[in-house]
1. Stretched out fully, how many nm does the piece from Lys69 to Arg130 gain, at 0.36 nm a residue minus the Cα gap?
2. Quick one: length gained pulling Thr49 to Asp153 fully straight, 0.36 nm per residue minus the C-alpha distance?
Amino acid sequence: MIRRVAVTALALPLAIAGGMLAWGELAPHEVSSTIEISASADEVYGIVTDFDGFPQWNPFIVRAEGAPKEGARLHNVLRDSGGGTMAFAPKVLKAEPGRELRWIGRLWMPGIVDGEHYFRIEPAGNGRVRLIQGERFSGALVPVAGGQLDMEDEFAAMNAAVKARAEAA
């Protein structure tokens, strides 16, 4: 009887965690913001990857260190709309000049809360490009994280700052 209780006590949290993981994978949370910019794709990509310049103009990613190349580890500090900051070390998944920068950051370990952040740059016609900044969250705690993952205002603020910087050049 004691053995059965011990096995149940161990198995129940694992089953719940496994169920939450499946739930988080089936119901990922995505946030994005899009803006059109009168600049070339290379100019916009250059601004998004000029990590040394972030402290001077970026209202969202207030510090970024590392290289924008596949496999590299970045060290970023984010500021939310309430003024709080969070540091994390995402891994660059894709760095295609003039087209896309994408990284993945994780809370504690894979599968808890994973955030795949992206900057995509697409032609918009008439010498303009479309900058799409977004993040797809997945993992066991995503369903209970709720509004803490809604960063659309922060993405929009950064996109507006990229636009201002690109169009002033």
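Quick note: the coordinates plus some simple rules give every number you see, no bench work behind them. Only a predicted model underlies this, so the values are computations on that prediction, with no experimental measurement involved.
1. Details: separation 61, 0.36 × 61 = 21.96 nm, distance 2.18 nm.
The Lys69-Arg130 span can extend by a further 19.8 nm.
2. 35.4 nm
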